[in-house]
Amino acid sequence: MNDITEKQRQRAVNDRIADLKNNLYKLGVTHTSDGRDIEDVSLFTLERTHINAKCREALLIGEEND
């Protein structure tokens, strides 16, 4: 039973990584702020990079509306 749960968890992590990479590519982001390729970083780093990219995008939209 534990083996199935671990496989499900790993599948969910891999799905999230793929989703974040796709979203970052759509935003035009290919590298982290410290220059690493997004293909070579951890889930944590992808999450942080995605948050930063979305914040930058929101700031740009806000500036356009002013």
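Which aspartates and glutamates have a Cα lying under 17 Å from the Cα of residue 21, excluding residues fewer than 8 positions away in the same chain?
Answer for residue 21, where 17 Å is the Cα cut-off: 34, 37, 39, 40, 47, 57, listed by chain and number.
Give me the one-decimal Kirkwood hydrodynamic radius in Å for the chain, with the sum taken over alpha-carbon pairs. Don't jump to the answer; show the numbers that get you there.
Numbers: mean 1/r = 0.0757 Å⁻¹.
The answer is 13.2 Å.
Give a residue-ordered list of calculated ³J(HN,Hα) values for the stretch 58-65 (Karplus: 6.51 cos²θ - 1.76 cosθ + 1.60, θ = phi - 60°; whole Hz; x for Gly, Pro).
Once θ is set to phi - 60°, the couplings for the stretch 58-65 become 5, 5, 5, 5, x, 5, 5, 7 Hz.
Could you run the Karplus curve 6.51 cos²θ - 1.76 cosθ + 1.60 with θ = phi - 60° over the stretch 46-55 and give me ³J(HN,Hα) per residue in whole Hz, x for Gly and Pro?
Listing the rounded values in order: 5, 4, 5, 5, 5, 4, 4, 5, 5, 5 Hz.
Each value in this text was obtained by applying a stated rule to the coordinates, not by laboratory testing. From a predicted model like this one, the values you see are computed outputs, not experimental measurements.
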